[in-house]
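**Q** Following this message is one structure expressed as structure tokens.
The values are calculated or read from the model by the stated rules, or taken from the named source; none is laboratory data. Owing to the predicted nature of the structure, the values given are computational and were not obtained by experimental measurement. When we count neighbours, we look across all protein chains shown, and the Cβ atoms used for this are built from the backbone with ideal geometry, even at glycine.
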There are 2 protein chains.
Amino acid sequence: MDAEFPQDVGAQLTEVLRSMARTWEGTTARLLRQAKGAPPDAGLGLVVQEMALAVGAGVSGSGVIQFASGTTGTPEINGRFVPQTLHGEGLRDSDGALYLTRDPRGPSLEEHAPDAFAKLVEFGALGRIRLREEMEIKFILLDGQLTILDAVRIQRSNRAAVRIAVDLASTGVITKEDAILRVQPAALSELLHRQVDRSAKRDVFVRGIAASPGAASGRLVFTANEAQASAARSEACVLVRRETTPEDIRGMHAAVAVVTLRGGITSHAAVIGRGIGLPCIVGASDLDLDERKRTIIGPDGRTLKAGDMVTVDGSTGQVLVGEPAMLEAALDEAFQTLLSWADDVRDIGIRANADTPADAQTARNFAAEGIGLVRTEHMFFHGERVDLMREMIFAETPIALAAVLERLLPLQRADFSEIFQIMQDQPVCIRLFDAPLHEFLPAGKQGMRDLAEVLNVPLAQMTARVDDLSEYNPMLGMRGVRLGITVPEIYDMQARAIFEATVASSAKGIVLVPEIMIPLVSAKREVELVQSRLDAVAAAVRAESGVDFEYRLGVMVETPRAALRAEDIAEHAAFLSFGTNDLTQMTYGLSRDDAGKFMSDYVKLRVYPEDPFHTLDLDGVGELLQLGADRGRKGRPDVTLSICGEHGGDTAAIAFCRTHGFDYVSCSPFRVPVARLSAAQLALKDKLGT
Amino acid sequence: MDAEFPQDVGAQLTEVLRSMARTWEGTTARLLRQAKGAPPDAGLGLVVQEMALAVGAGVSGSGVIQFASGTTGTPEINGRFVPQTLHGEGLRDSDGALYLTRDPRGPSLEEHAPDAFAKLVEFGALGRIRLREEMEIKFILLDGQLTILDAVRIQRSNRAAVRIAVDLASTGVITKEDAILRVQPAALSELLHRQVDRSAKRDVFVRGIAASPGAASGRLVFTANEAQASAARSEACVLVRRETTPEDIRGMHAAVAVVTLRGGITSHAAVIGRGIGLPCIVGASDLDLDERKRTIIGPDGRTLKAGDMVTVDGSTGQVLVGEPAMLEAALDEAFQTLLSWADDVRDIGIRANADTPADAQTARNFAAEGIGLVRTEHMFFHGERVDLMREMIFAETPIALAAVLERLLPLQRADFSEIFQIMQDQPVCIRLFDAPLHEFLPAGKQGMRDLAEVLNVPLAQMTARVDDLSEYNPMLGMRGVRLGITVPEIYDMQARAIFEATVASSAKGIVLVPEIMIPLVSAKREVELVQSRLDAVAAAVRAESGVDFEYRLGVMVETPRAALRAEDIAEHAAFLSFGTNDLTQMTYGLSRDDAGKFMSDYVKLRVYPEDPFHTLDLDGVGELLQLGADRGRKGRPDVTLSICGEHGGDTAAIAFCRTHGFDYVSCSPFRVPVARLSAAQLALKDKLGT
């Protein structure tokens, strides 16, 4: 995407060029017009011609020159000059272009027409100041006389746009505010990840849903085991699965990118992908996967087999054949500088969603002001933990359940301690277990048989339990606070882990008030019930440790009913964080994971102006947010308000939250820079009244 | 449930008995007090004793008498009289009770104390008028002297309550309004179905969710085929399935009742059960079903096998062992009379949800004022039709799709014609196809293989298509208008069937404006798109037939977003019908079919005061209804407003709809009488200011 540019630059340009022309020594406009047979009125071109300027004799030709790299934005002269001869009615190319600057490989303009070259450089510097931009200058030399034909702002990559804006501001050509406003927030996202070079040729094999940005190349594998084997050989691999389950986690960690045929932008693969910064494409339903033959067939009939090299572009949702050229991530100084300026003007908090200590570290690196959402269930998808979860699910007696929870406790406590250590004095908001239990079960018959063996449970009993847990609509089923109330021991364990980690951190001098958030609330009484148990656990931990601490209890508002009843609910909730993903699903009656089948038709037919999972629906979901915020404040004037979820980093969502007086937004760690810039731009635009 | 009774009857009773006592000829109170050794102050008893009345000599004893049957409500004298002898300080029973009225089987009070008996009858008649109730009179005879000890309203079944109320009003003892107010609406529901006799002993085998009321006894079967075989032998059978699919429809028709282990009150079995008036229990998850052994094991470890006799009480959700005594349905004259009086005072419309001509006939029988919801997808679950649906799903080309739709068209047209014929001049609101397509697929591998053979499709291709259609959250997926927009040919066919049936009906003199309703709308543009296609079909049918007709297009408001955007949506919608089932699911983020796992815990812990699928949640869902209604009227002042779905017959929901100026409620046919009575009571209570 190209960087933003002030809209009135055309008028500015004309005016500045006119004034430049007036100040210069002479004009060869008449001569030039005659030589090129130009019509007397040729718009801007004509105006520019009036600036033609005699600098010497001997060299003729046309060229372009610019003073910063369009790819990186670093100062450098490049362009080209083609010598020409005056012939009859016009100019005719002579052989070969000249280098602009001195170059060992051949002749240069700098050598052959040093005066003209010097004037060009001077003109470039002047233009940069007057036009407040890096310009590409088109010029001709006519028997040594320099004529400026035109000047346009240089084409630039997103990364160059950042560097140029920062350089212009650092040299006082523009203000810091201007620099902030000149970079499109979305452009930053590209800088955070490896990307396919824009100029590389793309051989698209299939398109899916861009679920986790960045690009990576590797050899095709079709199972988590193959991926791990490939990683063991230090061979980059791309894991293609129909869909992923917790059992694929190790394989995902071993792969450089993941593609799934099913699922939407919040399917398992997508969530994990974004969490660990792995390029990911989901819902590539045009792929035909043959697991036995270990092949995939694309929509055009081409077949790729295991071991073939592909590139996953998680930013565009394209799977490419082969290995196109890449651009590395660019978290350079210019990037950091721009964001620090943005933070100076920003007036809404930005936190990150972080599910693991690694995520927390990323959040910290991107200067998030705390963690707005720790999805604790994601902590259990890994290795040994998924086994413990399964043991918990199959616990037959309260004693067995307690025993498993006892083993989960230190793992959770360690997670939280580590996150608190990383975040130091910054707030951390931990969401209690949300996922339905069956997400932790193995997929397929073999997986069930293996698990039955490991847990020493009869297969029939296991099958029955799995059957019990299966749901028609898991999104709307036994999860979140419903599980928390039905099996309260899980929340008790989590609360204990949080409180014990708080006590441990305070011993290290970290003073924090952990925030605990209850998911999927639809009635006030749910909050009351959880609160009374949490208070009891807190009291126990205080008594055992002799350390006093506080905690803040809040509610994730993600059902329409919680928004409607926010006044009631806020009686028990110190904060309300709107989970816009689920709220969007329920407001529309639309499952993210299933919407892929018709969303593109819907956007094409303008049924929805945008995919509401990408761009917050202000008309419907937004009204519930507003209403929930207003009512929440009515119930508790000092309630902390925020949104978390995929929309958190979205400009429209941030604008909405600023307007309605929210305290912060929380988004995935990699969107934090984008959100910081967006928020700053919104504050500036408010100030400027634009 | 017992019939309602005015609360101030105690005070009334005292007052009336006092005044009766004053008017009678003498009093034996002193004598009696002495005889029974009663304390000087014995409350009401004392007051009553003052009425003791000398009627003759010779007979002593105590008895009760009433003048209407507590079971049926028909006028008849029954009770008992136990002769006693005065002995020392009190009365002592002598041998044997007397009949009250002359009886060939033995001596009666009427013979032995004709004066006392005549006085009792006279007193009964007087009491009925003065107390405005059928009373049970407790009395003693003391040497021929009649003493009235007490009078209480007779215990009565729901059916007797109706008969007694109607008789009291018909004889001018109470007003018709009083009669209407005296019968609890819920009590009517019992009259509509066969019931287990209240006095029968219940041997409960398992409890599930009461999904379709009424009771039936039959022998256990475990497959649809066995059910059909059983029906062929004219042997009543109860079909027990893990869950039902469209393939079980014939078996369900063949059974007298259905039990499923899975599913909630709107699962397939429940919906079909209510539709065809079949007692049904779902979600009986405590049952252990062994399909191979053909047994079920109850939670107490007892085993029942195929062929064992059970009774399904779909009103209470109990599966009973054996065959307890039953009460037949009672749609008698009193029932009809009461409802016709109710209709005179009712001020909101009552329509029925009816999916088939048979349902429509039931609706008509129960005097529904039109059909508020024809769920067209339910028309396709039967026999040949499900095969056609499957063919449609596997249609590979537009031409193949058109060919299948061409064959579905006459079936749909015939359905609609028949419904129009039954309903005559009454409005019929037809909802376009709503269900996800995969609901029509066979369950299990063998079913798939069979289908592949029938359709002559390679199994792999079929499996792939089935895989395509499977969804994570079908409730929130590709259904309703989303399917209508993505595969518009289906709605085109349905619209054509409706319009052609309209034309055919008009030839028979039935003038109707069919109402067409779009399901699962979340944005105005969905309505626009469907409307433009429907208009085109209507124009085509008008041109082909030369008959002019109109239709009304409306929207089913069942997503929170549709309620929020009702003002926009009403621009294109002549009516808005709130689908409270789905709206409740989405507002709570709660799937009906999955809520069973925790709903009873939730209600027990008072997290929800009631199951919101049974009792409309006025605080949350109700606010969306109100807001949607207000906004709908803002967009179109004359928009017709209604609710349809399970809540339609609920008193709270009807009260809500009356308050907010809705035009009608629509409920399942068997709830229509209940709704008519509820609505009448609400109107009366408003009038009386109570």
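**Q** Which ones in the stretch A:226-251 are in contact (Cβ under 8 Å) with a residue 60 or more places away in the chain, more than 14 Å from chain B (Cβ to nearest Cβ) and under 20 Å from A:Ala443 (Cα atoms)?
**A** Correct list: A:Glu226, A:Pro246, A:Glu247, A:Ile249, A:Arg250.
**Q** Let me spell it out: the conditions are (1) of a type in the set (A, V, I, L, M); (2) closer than 23 Å to A:Ala504 by Cα; (3) touching a Lys or Arg at 6+ places or on another chain (Cβ under 9 Å); (4) crowded, with 20+ Cβ neighbours inside 10 Å, and A:Ala368 meets all of them except one. Which number is the exception?
**A** (2)
**Q** Oh, and also: Given the conditions (1) at positive phi; (2) within 14 Å of chain B (Cβ to nearest Cβ), which single one is not true for A:Gly322?
**A** Here A:Gly322 meets the rest and fails (2).
**Q** Would you check if there is a residue in the stretch B:536-554 being of a type outside the set (A, V, I, L, M) and at positive phi?
**A** Taking the stretch B:536-554 first, the residues of a type outside the set (A, V, I, L, M) are B:542, B:544-546, B:548-552, B:554.
If we keep only those that are at positive phi as well, we get B:546.
Yes, that holds for at least one residue.
**Q** Would you pick out the residues in the stretch B:642-682 that are polar (S, T, N, Q) and free of Cβ contacts under 8 Å to residues at least 60 places away in the same chain?
**A** B:Thr659
**Q** Select from the stretch A:576-595 the residues that are out of contact with any Asp or Glu (no Cβ under 6 Å at 6 or more places or on another chain) and either facing chain B (nearest Cβ under 7 Å) or surrounded by fewer than 24 Cβ atoms within 10 Å (Cβ to Cβ) (or both) and list them in ascending order.
**A** Listed by number, the residues that qualify are A:Gln585, A:Met586, A:Thr587, A:Tyr588, A:Gly589, A:Leu590, A:Ser591, A:Asp593.
**Q** Also: Among the candidates A:Ser212, A:Ser285, which residue alone is in contact with a Leu (Cβ under 8 Å, 6 or more places away or on another chain), within 14 Å of chain B (Cβ to nearest Cβ) and not aromatic (Phe, Trp, Tyr)?
**A** A:Ser285
**Q** Among what's in the stretch B:456-472 and is touching a residue at least 24 places away in the same chain (Cβ under 8 Å) and surrounded by 16 or more Cβ atoms within 10 Å (Cβ to Cβ), pick the residue that is nearest to the other protein chains (Cβ to nearest Cβ).
**A** Restricting to residues being touching a residue at least 24 places away in the same chain (Cβ under 8 Å) and surrounded by 16 or more Cβ atoms within 10 Å (Cβ to Cβ), the top hit is B:Glu471.
**Q** Might you check whether a residue that is more than 14 Å from chain A (Cβ to nearest Cβ), within 33 Å of the chain's Cα centre (by Cα), crowded, with 24+ Cβ neighbours inside 10 Å and aliphatic (A, V, I, L, M) occurs anywhere in the stretch B:499-515?
**A** Yes, because at least one residue in the stretch B:499-515 is more than 14 Å from chain A (Cβ to nearest Cβ), within 33 Å of the chain's Cα centre (by Cα), crowded, with 24+ Cβ neighbours inside 10 Å and aliphatic (A, V, I, L, M).
**Q** Still on this structure, I have one more. I'd like the residue in the stretch B:566-575 that is aliphatic (A, V, I, L, M) and either facing chain A (nearest Cβ under 9 Å) or crowded, with 24+ Cβ neighbours inside 10 Å (or both) and, out of all such residues, is farthest from A:Asp568 (Cα to Cα). Don't jump to the end; show me each part of the working.
**A** Initial filter on the stretch B:566-575 (aliphatic (A, V, I, L, M)): B:566, B:569-570, B:573-574.
Now restrict to residues that are either facing chain A (nearest Cβ under 9 Å) or crowded, with 24+ Cβ neighbours inside 10 Å (or both): B:566, B:569-570, B:573.
On the way: B:Ala566: 26, B:Ile569: 30, B:Ala570: 31, B:Ala573: 35 Å.
Out of the qualifying residues, it is B:Ala573.
**Q** Still on this structure, I have one more. Go through the residues of the stretch B:557-565 one by one and say whether even a single one is of a type in the set (Gly, Ala, Ser), on the phi < 0 side of the Ramachandran plot, buried (at least 16 other Cβ atoms within 10 Å of the Cβ) and in contact (Cβ under 8 Å) with a residue 60 or more places away in the chain.
**A** So far as the stretch B:557-565 goes, yes, one or more of its residues are of a type in the set (Gly, Ala, Ser), on the phi < 0 side of the Ramachandran plot, buried (at least 16 other Cβ atoms within 10 Å of the Cβ) and in contact (Cβ under 8 Å) with a residue 60 or more places away in the chain.
**Q** Here are A:Val204, A:Val166: which of them is surrounded by fewer than 24 Cβ atoms within 10 Å (Cβ to Cβ) and at pLDDT 95 or above?
**A** Result: A:Val204 is the single residue among A:Val204, A:Val166 that is surrounded by fewer than 24 Cβ atoms within 10 Å (Cβ to Cβ) and at pLDDT 95 or above.
**Q** Counting only residues that are part of a helix (DSSP H, G or I) and in contact with a helix residue (DSSP H, G or I) (Cβ under 6 Å, 6 or more places away or on another chain), which one in the stretch B:238-249 is nearest to B:Val221 (Cα to Cα)? It would help to see each step written out before you state the result.
**A** Let us first name the residues in the stretch B:238-249 that are part of a helix (DSSP H, G or I), namely B:246-249.
If we keep only those that are in contact with a helix residue (DSSP H, G or I) (Cβ under 6 Å, 6 or more places away or on another chain) as well, we get B:246, B:248.
Values: B:Pro246: 17, B:Asp248: 12 Å.
The extreme case among them is B:Asp248.
**Q** Six or more apart or on different chains, Cβ under 7 Å: which pairs go from a residue in the stretch B:490-502 that's more than 17 Å from B:Glu550 (Cβ to Cβ) to one that's β-branched (Val, Ile, Thr) and not in a helix (DSSP H, G or I)? Could you list them?
**A** Qualifying pairs under 7 Å: none.
**Q** Also, quick follow-up: Any idea how many residues of the stretch A:101-146 are under 16 Å from A:Phe67 (Cβ atoms) and assigned to a helix (DSSP H, G or I)?
**A** 18
**Q** Taking the conditions exactly as written (touching a Lys or Arg at 6+ places or on another chain (Cβ under 7 Å), modelled with pLDDT of 95 or more and either on the phi < 0 side of the Ramachandran plot or small (Gly, Ala, Ser) (or both)), does A:Ile180 satisfy them or not?
**A** No: the conditions fail for A:Ile180.
To keep it simple, each residue is scored yes or no on (1) modelled with pLDDT of 90 or more; (2) out of contact with any Phe, Trp or Tyr (no Cβ under 6 Å at 6 or more places or on another chain); (3) crowded, with 21+ Cβ neighbours inside 10 Å.
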residue: A:Asp355; (1), (2), (3): no, yes, yes
residue: A:Phe380; (1), (2), (3): no, yes, yes
residue: A:Gly383; (1), (2), (3): no, yes, no
residue: A:Met392; (1), (2), (3): yes, yes, yes
residue: A:Arg413; (1), (2), (3): yes, yes, yes
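**Q** Still on this model: Going by the structure shown, is B:Arg449 in contact with a Leu (Cβ under 8 Å, 6 or more places away or on another chain) and either surrounded by 21 or more Cβ atoms within 10 Å (Cβ to Cβ) or more than 30 Å from A:Gly283 (Cα to Cα) (or both)?
**A** no
**Q** Show the residue pairs that are 6+ apart or on different chains and have beta-carbon atoms under 7 Å apart, the first residue being within the stretch B:593-618 and without any contact (Cβ under 8 Å) to a residue 60 or more places away in the chain and over 19 Å from B:Ser212 (Cβ atoms), the second being among the hydrophobic types (A, V, I, L, M, F, W, C) and surrounded by fewer than 19 Cβ atoms within 10 Å (Cβ to Cβ).
**A** From the stretch B:593-618, the pairs are B:Glu610/B:Val603; B:Leu616/B:Ala652; B:Leu618/B:Ala652.
**Q** Restricting the search to the stretch A:597-616, which residues are more than 7 Å from chain B (Cβ to nearest Cβ), closer than 22 Å to A:Gly649 by Cα and over 20 Å from the mean Cα position of the chain (by Cα)?
**A** A:Met599, A:Val603, A:Pro609
**Q** Among the residues of the stretch B:536-554, which ones are closer than 23 Å to B:Arg375 by Cα and either acidic (Asp, Glu) or within 13 Å of chain A (Cβ to nearest Cβ) (or both)?
**A** Selection gives B:Glu550 alone.
**Q** Give the stretch B:384-406 a look and list any residue that's within 17 Å of B:Tyr491 (Cβ to Cβ) and either more than 31 Å from the chain's Cα centre (by Cα) or outside any helix (DSSP H, G or I) (or both), or say none.
**A** Once the filter is applied, which keeps residues that are within 17 Å of B:Tyr491 (Cβ to Cβ) and either more than 31 Å from the chain's Cα centre (by Cα) or outside any helix (DSSP H, G or I) (or both), the stretch B:384-406 yields B:Leu388, B:Met392, B:Ile393, B:Ala395, B:Pro398, B:Leu401, B:Ala402, B:Val404, B:Leu405, B:Glu406.
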